[in-house]
Each structure stands twice: as C-alpha cells, then as structure tokens.
Amino acid sequence: MLAYLIRRLTAVLLMVLVVLLTTFSIFFLLPKWAGQDTAVLFAGKATGAEQLEGIRQKLGLDEPVLVQFWDFVKGIPLGRDYANGDDVTRCDAPCFGYSFRTEEPVWDTLKEALPVTGALAAGACVMWLFGGVAIGVLSALRRGSIWDRSAMIGALSGVSMPIFFTGMVMMGVFVHELGWLKIDDDLSGADGIDIWFQSLILPWIALAFLYAAMYARLTRATMLEVLGEDYIRTARAKGLGEPVVIRRHALRSAMTPILTVFGLDLGALMGGAVLTEQTFGLKGLGFEAVDAISNKDLPVILGVTLIAALAIAVANLVVDIMYAVIDPRVRLS
C-alpha cells in the first residue's frame with residue numbers, strides 16, 4: 001500500500017510540474033511570440049520606455065526563459081523578491097505574482113475567493129453524490145417500473161437544462177417572487193450563518209440537480225451490469241439477504257467508475273464553478289477568472305489555472321486511495 005501511495009504521489013508531482021510548465025508557456029511566452037509586451041500589459045500603453053524597462057527588470061522579463069520559469073516555480077512555495085536596483089518588493093509564499101489590474105498579490109485575491117468556491121463545491125457534491133447514487137440504485141433495482149422511467153426522465157431533464165437557466169428560474173421564484181431566500185455575495189459569515197446558508201442553498205441545488213442527473217444515469221447503468229455478474233448470483237444462492245448483496249457486493253463494485261468521475265468533477269469545481277458563480281453573483285474562483293480574462297490579467301488567470309490543476313490532481317489522488325479501500329484487488333496489484 002505504501003509503495004502504491006508513493007507511485008501515485010510521484011505521478012501527481014510530475015503532473016503538477018507539467019501543468020506549471022504548460023501554463024507558464026501559455027501566459028508568458030505566447031504573448032511574447034505574438035508580439036505583445038508583458039510589461040505593457042502590466043503598466044499600460046501610456047507608460048514611457050524607461051519605465052517599461054524598469055518593469056521588465058523588476059518582473060524578471062529580461063532574464064532567460066528558464067530562469068524566469070525557475071523563479072516562478074520557486075516563488076510558489078518559498079516566496080519571491082521583485083527587484084529593480086534598490087526598489088525591492090517582497091511577495092510572500094505562496095507567490096503567484098501581482099495582478100496587472102490591481103497590482104495586489106494574486107494570492108490575496110485567490111484566498112478570498114477560495115472559501116466561496118470550496119463551500120459551493122462541498123455542499124453541492126454531497127447533494128449530488130448521495131442523491132444521484134440513491135436514485136440510480138433504486139432505478140436499477142426497479143428496472144422498467146414507473147419509478148425507473150420517471151427517475152430517468154427527470155435525470156434527462158436535469159442533464160438537458162443548463163445551470164444558468166435553472167439558476168435564474170429558482171432565483172426568480174424563491175428570491176424575487178416568494179421572498180423566501182436572500183442572496184448575498186459576501187460569504188464571510190459576517191451577516192450571520194442564516195444568510196450564508198440562504199446564499200448557498202440555491203447554488204447547491206442548481207449544481208446538484210445537474211450532476212445528480214448524470215450520476216443517477218451512470219449508477220443505474222453500472223448497477224445493472226454488476227447485478228448480472230456471477231458472483232452476485234452466487235451470493236444470493238448462499239442465502240445472503242438482498243440488502244447485504246446490494247450493499248456489500250453490488251454497490252461496492254459499482255462505486256469504482258462513480259468515484260472516478262466524482263474525483264474529476266470535484267476537482268474541476270474547485271477550480272471555479274464559472275456559470276453557477278456568475279449566475280448567482282458569488283465571487284469565487286470562477287467569477288475571478290472571468291473578470292481576469294476580461295481585463296487580460298494574466299497572473300490571476302494563471303493562479304486560478306494552477307489551483308484548478310492542483311485540485312484535480314489532489315482529488316484524483318484521493319480517489320486512487322479510495323480505490324484501494326473499496327476494492328482489495330487494487331491493493332493486491
């Protein structure tokens with residue numbers, strides 16, 4: 001088991017390094033190859049030549065590409081000094097650079113957005129995982145019944161309707177028409193836990209409705225396949241009760257592909273649920289990413305990209321560990 005974990009951690013570190021190299025090349029080298037000056041993006045077109053040269057020196061843009069990449073990678077865990085002669089600016093770890101628009105450390109922006117995205121992703125994933133899996137299992141056990149057909153029609157509707165549509169409908173009904181809920185873009189908890197919960201319940205439901213529909217269809221298909229296996233027939237022939245057969249044998253085997261998709265979905269959401277955050281006005285990572293793209297704020301875009309990549313890598317590592325917990329064959333291999 002230890003060797004398995006070491007292999008997976010090594011793979012995660014290599015993947016993060018590749019992502020770092022790729023994103024650095026996209027955001028710092030491609031503009032240069034396209035004839036755009038990164039110093040101009042930082043300071044604006046009205047800046048004089050002497051000031052631009054000082055900015056290049058301070059940001060390290062006049063250094064060789066490999067040196068720039070090393071300084072960028074080293075700055076994330078250790079921090080970094082931006083120096084131009086006696087003008088030295090310290091960027092504490094984790095250092096993702098400085099925003100072109102606000103000239104504030106990128107991490108200051110991201111650490112304010114992370115709790116919003118984390119709360120949104122955590123609440124929604126609990127809803128869709130338990131709801132989707134439960135609906136899928138019941139549909140598989142009652143194949144062809146009215147419940148099965150109704151659940152799959154509902155799942156198809158959930159997959160077909162985009163979040164911005166369901167989100168706007170729910171806000172129109174529960175916030176503006178009935179006045180049952182309030183939406184506040186400040187999720188710091190300063191206004192009370194009730195306002196925090198009210199601001200997130202509709203985004204949770206909107207996200208969960210979409211993903212639960214996909215998980216219900218996946219769970220149903222996987223369960224139907226597993227229920228036809230020989231070892232399920234053997235377990236029933238040995239006299240095991242149906243709940244034990246379903247819980248300990250069928251569902252446990254069916255969870256492997258569900259966990260795979262869950263890890264990818266949760267990791268992607270931790271990089272920012274763009275449509276959901278935009279629809280409900282939540283200032284999470286997705287909201288900040290869209291704002292940074294509109295303003296060509298490369299360091300913020302790069303920071304969000306790296307956090308999303310790291311979230312996906314960590315989520316997949318956790319999923320790999322869960323494989324070993326659920327399926328003993330993974331430990332033995």
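The values are calculated or read from the model by the stated rules, or taken from the named source; none is laboratory data. Since this is a predicted model, take the numbers as computed values, not measurements. No Cβ is skipped: glycine too gets one built from the backbone with ideal geometry, and neighbour counts run over all protein chains shown. Side chains are part of the model used for accessible areas, which takes the heavy atoms of the whole protein and leaves out ligands, DNA and RNA. Shrake-Rupley method; radii C 1.70, N 1.55, O 1.52, S 1.80 Å.
Quick one: what are the phi-derived ³J(HN,Hα) couplings along the range 250-266, Karplus 6.51/-1.76/1.60 with θ = phi - 60°, whole Hz, x for glycine and proline?
In residue order, the calculated couplings are 6, 5, 4, 6, 6, 6, 4, x, 5, 5, 4, 5, 4, x, 5, 5, 5 Hz.
Taking θ as phi - 60°, what are the ³J(HN,Hα) couplings along the range 18-24 by the Karplus curve (6.51, -1.76, 1.60), each to the nearest whole Hz, with x for Gly and Pro?
Going residue by residue, I get 5, 5, 4, 5, 5, 5, 4 Hz, with x marking Gly and Pro.
Which one of Lys58, Lys238, Lys32 has the biggest mean-square fluctuation once the chain is modelled by GNM with Cα springs under 10 Å?
Result: Lys238 has the largest fluctuation of those listed.
Keeping all protein chains in place, calculate the accessible area per residue for the range 48-106 (probe 1.4 angstrom), answer in Å².
Each residue of the range 48-106 exposes 59 Å² on average to a 1.4 Å probe.
Pull up all non-local amide H partners of Tyr98: gap of 5 or more, or a different chain, and H-to-H distance under 5 Å with H placed in the peptide plane.
Val106
Assuming 0.36 nm per residue, please report the length gained on full extension of the stretch Leu224 to Trp70 beyond their Cα-Cα distance.
On the way: separation 154, 0.36 × 154 = 55.44 nm, distance 5.12 nm.
Result: 50.3 nm gained on full extension.
Starting from 0.36 nm per residue, how many nanometres of slack lie between Asp184 and Phe197 once their C-alpha separation is accounted for? List each step's numbers first, then the result.
Values: separation 13, 0.36 × 13 = 4.68 nm, distance 0.99 nm.
Between Asp184 and Phe197, full extension yields 3.7 nm more.
Regarding the range 178-306, what whole-number volume in Å³ per residue does the convex hull of its Cα atoms give? Before the final figure, lay out each step's value.
Numbers: hull volume 20.9 nm³, N = 129.
Once divided by residue count, the hull of the range 178-306 is 162 Å³.
Given a Förster distance of 22 angstrom, what is the FRET efficiency for Glu177 paired with Asp291, based on the Cβ-Cβ distance and rounded to 0.05?
It comes to 0.15.
Can you give me the Rg/Rh ratio for the chain, using Cα atoms for both radii and the Kirkwood formula for Rh?
That ratio is 1.07, to two decimals.
Can you find, among Gly167, Val261, Val116, the residue farthest towards the positive end of the dipole of the chain? Put +1 on the C-beta of Lys and Arg, -1 on that of Asp and Glu.
Of the listed residues, the answer is Val261.
How large is ³J(HN,Hα), in whole Hz, for each residue of the range 140-146 in order, when computed from phi with the Karplus curve 6.51 cos²θ - 1.76 cosθ + 1.60 and θ = phi - 60°, using x for Gly and Pro?
3J(HN,Hα) across the range 140-146, in whole Hz: 5, 6, 10, 4, x, 7, 4.
Expressed as an acute angle from 0 to 90° and rounded to the nearest 10, what is the orientation of the C-alpha long axis of helix 193-227 relative to the principal long axis of the chain?
50 degrees
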